[in-house]
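Peer 1: Below is a structure I'd like to ask you about.
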Amino acid sequence: MKSKFLSIAVALTACFSLGLIQFANAATPASTTVTIKANGDVGGRVKSSKPKKCADGRKIILIQQMGAQQDPSVDEKTGLSDTASKSGDHYEWSLGQPGLAAGKYYAKAKKIPGKCKGDRSKTVTVS
């Protein structure tokens, strides 16, 4: 009787533990990294621990930095955006040569709740 009870307890504990692991994995959004370059063409890459879910088709918006540091509450959306698409073994976004005014710019991928983390690229200067 004791061994049957012990077997049931071990089985329930294992099932419960597996359920918590799956729940934790499902609740943890995948990482996202956005890069930017502005050497004539403006564009960059989107990287993710789950690229098909978080990089492929991901909308990237271009933001003009208004101060010394990135501050989304003050910085201005340029109205320019692109969606990342697969290029070889990675995902790229590109705005081509949008004729930007001199200033500082960065790219942003908004978070996708419950699926993908958001990210902002480093700032680049256009002169």
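Peer 1: How big, in percent, is the set of alpha carbon pairs in the stretch 32-126 lying more than 19 Å apart?
Peer 2: In whole percent, the long-distance tail amounts to 35.
Peer 1: Please work out how much length the chain gains when fully extended from Ser81 to Asn39, using 0.36 nm per residue of separation minus the C-alpha to C-alpha distance, in nm with one decimal. Mind dumping the intermediate values first?
Peer 2: Values: separation 42, 0.36 × 42 = 15.12 nm, distance 1.74 nm.
Gain on stretching Ser81 to Asn39: 13.4 nm.
Peer 1: At a Förster distance of 25 Å, what's the computed FRET efficiency of Asp71 paired with Val126, Cβ-Cβ distance as r, to 0.05? Mind showing how you got there, number by number?
Peer 2: Working: r = 18 Å, r/R0 = 0.74.
Here the calculated transfer efficiency is 0.85.
Peer 1: Here is a further query. Pull up the cross-link candidates among the aspartates and glutamates for Lys115, meaning alpha carbon to alpha carbon under 16 Å and not fewer than 8 places away within one chain.
Peer 2: Here the aspartates and glutamates satisfying the reach criterion relative to Lys115 are Asp56.
Peer 1: Which of Val126, Gly114, Ser94 sits farthest toward the positive end of the charge dipole of the stretch 32-126, with +1 on the Cβ of Lys and Arg and -1 on the Cβ of Asp and Glu?
Peer 2: Toward the positive end, the furthest listed residue is Gly114.
Peer 1: Within the stretch 25-127, report the trypsin sites (Lys or Arg not before Pro) that DSSP leaves as loop and that have at most 15 other Cβ atoms within 10 Å.
Peer 2: Answer in residue order: Lys110, Lys111, Lys115, Lys122.
Peer 1: Report the full-extension gain for the segment Ser31 to Lys111: residue separation times 0.36 nm, less the Cα-Cα distance, to one decimal in nm.
Peer 2: Numbers: separation 80, 0.36 × 80 = 28.80 nm, distance 0.97 nm.
Here the segment from Ser31 to Lys111 would lengthen by 27.8 nm.
Peer 1: Here's a follow-up. Please tell me the relative contact order of the stretch 32-126 in percent, rounded to the nearest whole number, where contacts are Cα pairs under 8 Å and at least six residues apart. Each step should come with its number before you reach the end.
Peer 2: Working: 220 pairs, mean separation 34.0, N = 95.
Relative contact order, the stretch 32-126: 36 percent.
Peer 1: Nothing charged except the Cβ atoms of Lys and Arg (+1) and of Asp and Glu (-1): what's the magnitude of the dipole of the stretch 32-126 about its Cα centre? Round to the nearest 20 debye.
Peer 2: Roughly 520 debye for the stretch 32-126.
Bear in mind these aren't lab numbers, they're just calculated from the coordinates by the rules spelled out. Everything numeric here is computed off the predicted structure, so don't read it as measured data. Quick reminder, even Gly has a Cβ in these numbers, built from the backbone with ideal geometry, and neighbours come from all protein chains shown.
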